[in-house]
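Here is the structure we will look at.
The values are calculated or read from the model by the stated rules, or taken from the named source; none is laboratory data. Quick caveat, the model's predicted, so the values are computed rather than measured. As a convention, Cβ positions derive from the backbone with ideal geometry for all residues, glycine included, and neighbour counts pool all protein chains shown. Surface accessibility is based on the protein's heavy atoms, side chains included, excluding ligands, DNA and RNA. Shrake-Rupley method; radii C 1.70, N 1.55, O 1.52, S 1.80 Å.
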Amino acid sequence: MAIIKLKKGFDLRLEGQISDGTEPVVAAPSSTIGIVPDDFEGIVPRMDVRVGDSVIAGQVLYHDKNHETIKVTSPVCGTIKEVRRGERRKILAVVIEPANKQDDAVTYDVKRPIKELLLESGLWVMMRQRPYDVVPNPEATPRDIFVTAFDSAPLAVNRTSFSAGEQQAAEAAVKALSTLTTGKVYIGISPAQDINISGAEINTFVGPHPAGNAGVQIANVKPVNKGETVWTLSLDTLLRIGALLTTDRMDYNVTVAVAGPMVAEPMLVKSVIGASIDSVLAGNIKGGAEPRLIAGNVLSGVKVELDGYLRAPYTLLSVIAENNDPDEFMGWAALSPKRFSIYRLFTSWLAGLRSKPTNLDARIKGGERAIVRLDEYDDMLPMDIYAEFLIKAIIARNIEKMEELGIYEVAPEDFALAEFADTSKLELQRIVRDGLNWLRGEME
Amino acid sequence: MKFIRKYMDKIKPAFRPGGKLEKLQSVYDGMETFLFTPNDTAGPRGAHVHDGNDLKRTMITVIVALLPALFMGMYNIGYQHYLAIGQAAQTSCWTMFIFGLIAMLPVIVVSYVVGLGIEFIAAQIHHKEIQEGFLVTGLLIPMIVPINTPLWMTAVATAFAVIFAKEVFGGTGMNIFNVALITRAVLFFGYPSKMSGDDAFVKTDSAFGIGDGTVVDTFSGATPLGQVATNVGDSLNLHDIAGNALSSCDYFMGFIAGSPGETSTLAILIGAAILLITGVASWRVMCSVFAGGLAMAALVHACPSPTYAASLLSPVDQLCLGGFAFAAVFMATDPVTGARTHVGQYIYGFLIGVMTILIRTFNGGYPEGAMLAILLMNAFAPLIDHCVVSFNIKRRLARAKQA
């Protein structure tokens, strides 16, 4: 049990935050359920079902081309309505029409080895591994397993304690996971959380976002070295593993925070994995500007449309405005204290706007430039990494430099805040993701 | 602002590919993004929100920080002029300022027209947006070039610097050497007779008909550092251009001969405050330049020698005289050409300070060392960073071996 203080980073506060103690409401059943293979980085889907097949909750939908044991399962009972494909027949989504009766589900024999259970139930794809931030390779043994118990990203809602059942499930899950690693199971909590799980090493992280990121927590506890593998998972996934072990069945329920400046009434919504966006949102949008719906947080989420689906990790639906101020006149010269910036170049600094909830829109607010300003990336990344040098090595596709500068320790989300803060407006997360995928192709 | 938007939309098609003015597309895009914040929104993945700051805002902040030194420089041009023609006592401050303004405007215009012209052409060739880097460089150049430099020389040097020190490396953010200092270096080594001596730093003839008069007999246009370089004997007797003795207060306020921007340490410090409060410039670099300069000046002052007359100057006078303060605040802090790691910034800045005083004191050929010191350290900045980053790399390797 250690307390780790982090200074770098920034807590971006947006309007439309869910207030403490909000009780979740149950969403109307979704008319279709969609599973998006892009959510599970590193998996090449091979379908196990066809359009028209009927499936039950927990039934395998598709498996990975390279590791056939990695499977993705259906969250509901129903029939396969569509396998949506894009360019070069890439599978964009597997769409399921839920049956009226949701009474059947695959049951698992919990006495089987935990690894098989995780792979078979589809829980495996909810975990990630460093290096490369992809679904773990089943052939590798992780040095350690890191569970992130809180999300520090804007608008995220975190549980502060467990019910008795959850406590039991979490302990069962930690016990099972610890058999898979040669090291320990670490859990990173925030000071607001009262969580203690026997069998795991608990570390408290004090500091602004990205303190809740797995990469940041690993870097400050036991950094990943070349040749090592570490698994990361969220507390939700840990509880799902626990639920599987204690009830024989998969738990596909999710509680989604619907929040953001463009949400009429920020609320918690109970639904299932893969529910459609409109069933979760239920028209809960303010007027005035075109909304941008983001599955996930505003820093590293995915833009979705109303007919899209909840995306992994299924915890947050952020709604911001696409453009609050079209054709803003000479915005770069603005003297208005309302223009939000984390830097002291705008008068909003004097007005103390940086720490107040703000209504940011999706504009990039500037053209892409070469990296000019100092320390912008380093100030947003509490890791022992020279972020700017690493980014340059990635752009140059210099494997040796990437390794030397710590490419195996990072995930795209670790650069999300830097991307927000970047004066040069570079797409850092895309650069890192492309670099990781390229490196993985070169190394494997 | 609706009518501007309408007008811009109306003329837009002409600048698109196939339009009559498609060769000027970069210019149009530059104007459009100057007038209106781009409406581009974030892509489907990645950060969906972005900070309000961009490079335009950053650059304009530097320009604001330059203004006090620019205005003091203009006033000082007028002051030196009227001092030279013996009318300083009966001329108002405003007249002096107006004289300086008129004298400097052509240089500013030439610098911007030549530099921005080349940037526009380069942007069009590469089909890129026009970048903001030259906004600051274009103002720095008139401030560090002696006022009597012929305009064509400034134009040639600016063109050379923008093309060979910047565009060939890839434009804004990619250059190795500070573009404004390269401009000055080209002038300094290409036209040495116009860049030093009695005639360079004081505008003695009238500017567009203002300030007629004959130069007084006692006139000598050498800058204080120029006088130091030619000083004989073991005491310094620095005087202004009319022969009156100068005090440390004059150095600090800037009532001395010199390049327009560099004379007033006070105005430069106001600019420094703006840069540091807004966080645009690195305090690590700025403070270490002053620290390095102070340390080296104290060292040479501790063992004064008439052979090296600059060693007779007190350390504080060293920092106020010549281009030291201007270089420390506006040139060394250029993030593109300087060191980018924290430790590197301390080393980079400190060595600039040390080298400046070293060159000043021990090299009689160069009364001022700031330009050469910074260009030298520009060349070493990547090496400094490389060494600092290699410690991080070594730490990572050691960690892997331990495990």
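Structural remarks
- Residue pairs meeting the criteria (Cβ under 6 Å; at least 6 apart or on separate chains; first within 14 Å of chain A (Cβ to nearest Cβ), in the range B:1-17; second open to solvent by less than 100 Å² (accessible area, probe 1.4 Å)): B:Met1/A:Phe329; B:Arg5/A:Asp327; B:Met8/B:Glu32
- Scanning the range A:13-59 for residues that are in a loop (DSSP other than H, G, I, E, B), in contact (Cβ under 8 Å) with a residue 40 or more places away in the chain, under 21 Å from A:Met126 (Cα atoms) and open to solvent by 40 Å² or more (accessible area, probe 1.4 Å) yields A:Glu41, A:Ile56, A:Gln59.
- Among the candidates B:Gly344, B:Gly323, residue that is modelled with pLDDT of 95 or more and not β-branched (Val, Ile, Thr): B:Gly344
- Restricting the range B:190-247 to residues that are over 25 Å from B:Leu358 (Cβ atoms) and charged (D, E, K, R), the residue that is farthest from the chain's Cα centre (by Cα): B:Asp217
- Condition broken by A:Val372, with the remaining ones in (1) more than 19 Å from B:Arg57 (Cα to Cα); (2) in contact (Cβ under 8 Å) with a residue 40 or more places away in the chain satisfied: (1)
Residue-wise test of (1) acidic (Asp, Glu); (2) under 24 Å from A:Val125 (Cβ atoms); (3) open to solvent by 10 Å² or more (accessible area, probe 1.4 Å).
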{"position": "A:Val216", "(1), (2), (3)": "no, yes, no"}
{"position": "A:Val224", "(1), (2), (3)": "no, yes, no"}
{"position": "A:Trp231", "(1), (2), (3)": "no, yes, no"}
{"position": "A:Leu244", "(1), (2), (3)": "no, yes, no"}
{"position": "A:Gly274", "(1), (2), (3)": "no, yes, no"}
{"position": "A:Ile277", "(1), (2), (3)": "no, yes, no"}
{"position": "A:Ala282", "(1), (2), (3)": "no, no, yes"}
{"position": "A:Ser300", "(1), (2), (3)": "no, yes, yes"}
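- Per the listing A:Lys184, A:Lys81, A:Lys101, the residue uniquely under 21 Å from A:Gln217 (Cα atoms) and more than 20 Å from the chain's Cα centre (by Cα) is A:Lys184.
- Candidates in the range B:333-346 are the residues that are among the β-branched types (Val, Ile, Thr) and open to solvent by 10 Å² or more (accessible area, probe 1.4 Å); of these, the one that is farthest from the other protein chains (Cβ to nearest Cβ) is B:Val343.
- A:Gly260 being within 14 Å of chain B (Cβ to nearest Cβ), over 30 Å from B:Phe34 (Cα atoms) and without any contact (Cβ under 8 Å) to a residue 24 or more places away in the chain: no
- If the condition is being touching a residue at least 40 places away in the same chain (Cβ under 8 Å), within 10 Å of chain B (Cβ to nearest Cβ) and either in a loop (DSSP other than H, G, I, E, B) or farther than 24 Å from A:His209 by Cβ (or both), then the range A:272-308 contributes A:Asn297, A:Val298, A:Leu299, A:Ser300.
- Being within 30 Å of A:Leu14 (Cβ to Cβ), of a type outside the set (Ser, Thr, Tyr) and in contact (Cβ under 8 Å) with a residue 24 or more places away in the chain is a condition met by at least one residue of the range B:35-44.
- Whichever residue in the range B:18-34 is open to solvent by less than 40 Å² (accessible area, probe 1.4 Å) and without any contact (Cβ under 8 Å) to a residue 40 or more places away in the chain and, among such residues, is farthest from B:Thr333 (Cα to Cα): B:Gly19
- Matching helices (runs of 4 or more DSSP H) fully within the range A:144-247 where at least 2 residues are within 30 Å of A:Glu15 (Cβ to Cβ): A:214-221, A:235-247
- Verdict on A:Glu68 being farther than 30 Å from A:Glu305 by Cα, in a helix (DSSP H, G or I) and open to solvent by 10 Å² or more (accessible area, probe 1.4 Å): no
- The listed residue being of a type outside the set (Phe, Trp, Tyr) and in contact with a helix residue (DSSP H, G or I) (Cβ under 6 Å, 6 or more places away or on another chain), out of A:Gly183, A:Gly207, A:Gly215: A:Gly215
- Being more than 30 Å from B:Gln131 (Cβ to Cβ) and more than 7 Å from chain B (Cβ to nearest Cβ) is a condition met by at least one residue of the range A:319-334.
- For A:Arg84, the requirement of being within 18 Å of A:Tyr309 (Cβ to Cβ), surrounded by fewer than 15 Cβ atoms within 10 Å (Cβ to Cβ) and not assigned by TED's automatic domain parsing to the domain that holds A:Glu413 is met.
- Those residues of the range A:326-348 which are assigned to a loop (DSSP other than H, G, I, E, B) and either over 19 Å from A:Leu12 (Cβ atoms) or of a type in the set (A, V, I, L, M, F, W, C) (or both), in sequence order: A:Pro326, A:Asp327, A:Glu328, A:Met330, A:Ala334, A:Leu335, A:Ser336, A:Phe340, A:Ile342, A:Leu345, A:Phe346
- Looking only at residues of the range B:347-403 that are of a type in the set (Gly, Ala, Ser) and closer than 17 Å to B:Asn178 by Cα, we find that the one that is farthest from the other protein chains (Cβ to nearest Cβ) is B:Gly369.
- Annotation note: of A:Thr148, A:Thr160, the sole residue that is within 22 Å of A:Thr255 (Cβ to Cβ), of a type in the set (S, T, N, Q) and buried (at least 20 other Cβ atoms within 10 Å of the Cβ) is A:Thr148.
- Any hit, the range B:271-292, residues being in a loop (DSSP other than H, G, I, E, B), away from chain A (no Cβ under 14 Å), open to solvent by 10 Å² or more (accessible area, probe 1.4 Å) and not aliphatic (A, V, I, L, M): no
- The helices (runs of 4 or more DSSP H) found entirely in the range B:123-211 that carry 2 or more residues being out of contact with any Lys or Arg (no Cβ under 9 Å at 6 or more places or on another chain), open to solvent by 30 Å² or more (accessible area, probe 1.4 Å) and more than 14 Å from chain A (Cβ to nearest Cβ) are B:151-160, B:179-190, B:192-195.
- Selection of the range B:237-265 for residues being in contact (Cβ under 8 Å) with a residue 12 or more places away in the chain and surrounded by fewer than 17 Cβ atoms within 10 Å (Cβ to Cβ) yields B:His239, B:Gly243, B:Ser248.
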